[in-house]
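K.L.:
Please read through the structure below; I'll follow up with questions.
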Amino acid sequence: MKLKLEKIEELIVNLKSYTNSTIELVQLEAAQHISAIIAKVASGLIVWVVIILFTLFLSLGISFYLSDLLGNLYWGFGIVAGIYLLLGLILIIGRKKLLMKPINDQFIREIFQK
C-alpha cells in the first residue's frame, strides 16, 4: 500500500512537471509568433515610410515639372492632386478586395505559420 502511495505521489509530481512544461512551451511559442508579427509590422512600417517619402518627393518633382511645362504652378499641382484623387476613389471603392482581404489573409498566415 505504501508503495502504491509513493507511486501515486511520483505520478502527481511528474504530471505537475509535465503541465508546467507544456504551459511554458505554449508561452514560448506564442511569444515567438508575436515577436515575428511585430518584427514584420515594424519592418513593413519602415518600408512604407520610405515609399511614402519617395512618393512625396516624386510627386513634388512631377508637379513642378508640369507647372513649368504648363506655365502655371496651379495646373501642375492640380493634375498631380487629381491623379491622387482618382487613386483614392479606386481604393475606397475596392478597399475590401484590394486592401482589407490581403491584409487580413497575411495576418492570419503569420499567426498560424509554423
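The numbers here are math on the coordinates, done by the rules we state, and not lab data. Just so you know, these numbers come straight off a predicted model, no measurement behind them. Cβ placement follows ideal geometry from the backbone for every residue including glycine, while neighbour counts extend to all protein chains displayed.
K.L.:
Take the stretch 89-114 and flag every residue that is surrounded by fewer than 11 Cβ atoms within 10 Å (Cβ to Cβ) and more than 30 Å from A39 (Cβ to Cβ).
P.N.:
Residues satisfying the conditions are L89, I92, I93.
K.L.:
For the stretch 1-60, how many residues meet the condition of being among the polar types (S, T, N, Q) and over 22 Å from F107 (Cα atoms)?
P.N.:
8
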